[in-house]
Structure formats: structure tokens, C-alpha cells
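> The structure follows.
The values are calculated or read from the model by the stated rules, or taken from the named source; none is laboratory data. Keep in mind the model is a prediction, meaning the values are calculated, not measured. As a convention, Cβ positions derive from the backbone with ideal geometry for all residues, glycine included, and neighbour counts pool all protein chains shown.
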Amino acid sequence: MNKRPHKWRDTAWKHAIVDGARDAIGYFMPDLASDMDTSREVTGITGMELPRAGSDSDKGMLVSDVFLNVPVIGGKDWSVACLVEQQDEHEENFASRIFDSWVRLRAQRQTGRTTGFAIYTGDAKNVNSYSESCYGFEASIKFRTFHVPSYKVEELRGDKRPFARIMYASRLSLESGDDALLREKYAWELLNVTNEQEYDKRQKKFILEFADRVFWVKGSGISGELKEAYKMQTISLEDYSKQLAKEEGVMEGMEKGMEKGMEKGMEKGMEKGEENAMFKVARKMLARNVSVSDIIDFTGLGENDILALG
């Protein structure tokens, strides 16, 4: 079996935790979430690397672990080490890596208020503790590890929380592996169940970006329809409209106006391009059973114009 799916999941998890930090803490560490100061931002820890949007991590490069600073009510910030591991390592290797990362984070922060959790998709069952001994020096650590293969698909599907959707996608991606037909089937399912819920735009974006990565929607064997559906959902409306306008050739008027130096021609071309792009976006959203009110908010078109497309 091709090992690239592990790369997809590793990258996907780390980006999802960075983009949905509050939701991740709420799902994986509800006790910490109850103490969190919601008036302040969760941030990356200075001096500790975080995955960055647009990095080379999607091209098979190494992706760093995630370290977050969580503001706590009435006290100092807690350091949360989010260790995400997708490799099929033996139990001891996985546990020792978490131990080493925790020690490094604690030393860097110079505080005892350091915690963390881990996501694991390998085969080992007991990956939530580590201990070592050296001539009378004893050290041990116990941590929260969420073993994705142990979760039942049915239970995850029924949980509407954003990171339950992430767990659901991760679980299904383990089943699909390199099978393009299964990847497409599950990617459609994730798109549909996500659209059924009233997530805010930020939540919906990181859920679908995660699904895009773990099912490798951009890869070979995936239909153009699915790729287009994910593109529409995971990039900004402005960028999507520009892409559609360019593909449809509706920027021609603008280009001609620019070439001739005619300001009016350029403005008309831009207006026509935007209008046509918005109608195409609305048509695609209707096909995905998105509500008319959401399409109005998304495109700025009138209700009658949208209903006429049906």
C-alpha cells in the first residue's frame, strides 16, 4: 500500500488543530475548555514551530507538531502540546516521542502548567503512557491519546461537533486508503453531512479542508465534479468567482478594456464577469441543496434570480 495517505492525514490533522484550536480543545480537552478565557485568542507558542498555510507540507515535507498557548480565566496561560502522529510506529516509539516533546515544551516555557494530547492512527492499542528508568532515576508520564481506529463510524457520524466531523473523516480515510472510489464516496459524504449542519464559515472551512486533504480530493481517480464542489467550499468566494470568471471567459470585456485603455470597457467587463460567476456559484449551490437564504448571503443575488435558476 502506498504510504502517502499517512502524509495526507498528518498534514490534515495539524492544520485542522491550528485553524480550529478552540473547537479542538473543546472536543479533546473539555476540562481545559471549561477554564479557558474565551475573550482572548488561542495562539501558537513563541519559539515553537507551527504548520503554516501554503507551506510545503502538502508536498511530502515534514510537518512540525502543534504547540498552543491557551488563555485561562484568572491564571497564567497553559501550554498545550498537540502531538499528532500518523506513522505506523511501535507503541514505545510513539510514546517516547510524546514524552520528549512534552519535556521540550515544559523546558521552553519554564512552567509546570504544561499539558497535551495526541492523535494516533497506527496499530498499537496502548499509546497513552511512557516510563523509563536509569540507575535509580525513574520518570513516567501519562497522556491523553485518541486512537482513531478504535472509534465506531456510526457513533462519530451521529456527533455534530466540528472535531467529531474531523474524527469521522479521519476514521473513514483509514478505510479508504488508496482506493479512489472509496475516497470519492466518503468525500461526498463528508461534504453532505457538513452542509447539513449550521457550522459557521470558519468551522465549515477547516472541516472541509481536512476532508480535502485526507481523501486527497485533488489526486488522481477523483471526479471533476467532486473537485469542483470542494474547490467551491474551501476557497474564498472572491477567489472562486475570479477562477470561474476566467474559466468562462467572461473576463474578456475587462481584458479588452485594459488593452485599449478604456475605463468604461474595463468596468463593464468586471461587472459582467462577477455577475456570471455569481450565477454559476448559485447554480452549483442549488445543486448541493444549499438553502436559498444562504445562497443570497453568499452571492448577493436576489431571491427571484436564484429561484429562476432552479
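> Considering only region 88-98, I want to know if a residue exists there that is within 21 Å of the chain's Cα centre (by Cα) and either closer than 23 Å to R165 by Cβ or modelled with pLDDT of 65 or more (or both). Give the steps one after another, and end with the answer.
Of region 88-98, the ones within 21 Å of the chain's Cα centre (by Cα) are none.
No, region 88-98 contains no residue that is within 21 Å of the chain's Cα centre (by Cα) and either closer than 23 Å to R165 by Cβ or modelled with pLDDT of 65 or more (or both).
> For I207, all conditions in the list (1) assigned by TED's automatic domain parsing to the domain that holds A16; (2) in a helix (DSSP H, G or I); (3) among the hydrophobic types (A, V, I, L, M, F, W, C) hold save one; what is the number of the exception?
Condition not satisfied by I207: (1).
> Also, I was wondering about something else. Of the numbered conditions (1) touching a residue at least 60 places away in the same chain (Cβ under 8 Å); (2) closer than 20 Å to Y27 by Cα; (3) surrounded by fewer than 16 Cβ atoms within 10 Å (Cβ to Cβ), Q108 satisfies every one except a single condition; which is it?
(2)
> So, one more: What number of residues in region 20-39 are more than 18 Å from the chain's Cα centre (by Cα) and either modelled with pLDDT under 90 or hydroxyl-bearing (S, T, Y) (or both)?
Of all residues in region 20-39, those more than 18 Å from the chain's Cα centre (by Cα) come to 29-39.
Filter once more, so that each one left must be either modelled with pLDDT under 90 or hydroxyl-bearing (S, T, Y) (or both): 34, 38-39.
Matching residues across region 20-39 total 3.
> Okay, moving on. Give me the residue from region 203-214 that is in contact with a Pro (Cβ under 9 Å, 6 or more places away or on another chain) and not aliphatic (A, V, I, L, M) and, out of that set, surrounded by the fewest Cβ atoms within 10 Å (Cβ to Cβ).
We begin by selecting, within region 203-214, every residue in contact with a Pro (Cβ under 9 Å, 6 or more places away or on another chain); these are 203-204, 206-207, 214.
Next, from what is left, pick out any that are not aliphatic (A, V, I, L, M): 203-204, 206.
Values: Q203: 20, K204: 18, F206: 25.
For region 203-214, the residue satisfying everything is K204.
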